[in-house]
Amino acid sequence: MRAWVDRGGTCAVAGIHLCDIPPLVYADELFQETQLRSVNANTRADGEEFLRLAAALAVRPVVTTMPLDRADAALADLAADRQTGAAVLVP
């Protein structure tokens, strides 16, 4: 994994057509702030049900946009829990 994911990066593992995951050497693969995430595989019916429920419950996303040159402020807001929902940087 280290060959493909740099320090601070995230490796996402999706289980749709997944072969066996090779053993990981913690010091080489997951050290230095690399994150390993798994992704659930859902069916189209799962997605349709989710969207029906979201509409019925009037779920609305909260998105705050900031210019790219204010990325430091966006990160500070996230770290201090001053941001709710998704923060999107706009180039």
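Per residue, the stretch 43-91 exposes 83 Å² of accessible surface when a 1.4 Å probe is rolled over the protein heavy atoms with every protein chain present. Model label sites at ALA80 and LEU57, defined 7 Å from Cα along the beta-carbon direction, differ in position by 3.1 nm. Accessible area ranking (1.4 Å probe, heavy atoms, ligands and nucleic acids excluded), largest first, for ARG82, ARG70: ARG82, ARG70.
The values are calculated or read from the model by the stated rules, or taken from the named source; none is laboratory data. None of the values given here were measured: they were computed from a predicted structure. Quick reminder, even Gly has a Cβ in these numbers, built from the backbone with ideal geometry, and neighbours come from all protein chains shown. Note: areas computed on protein heavy atoms with side chains; ligands, DNA, RNA excluded. Shrake-Rupley method; radii C 1.70, N 1.55, O 1.52, S 1.80 Å.
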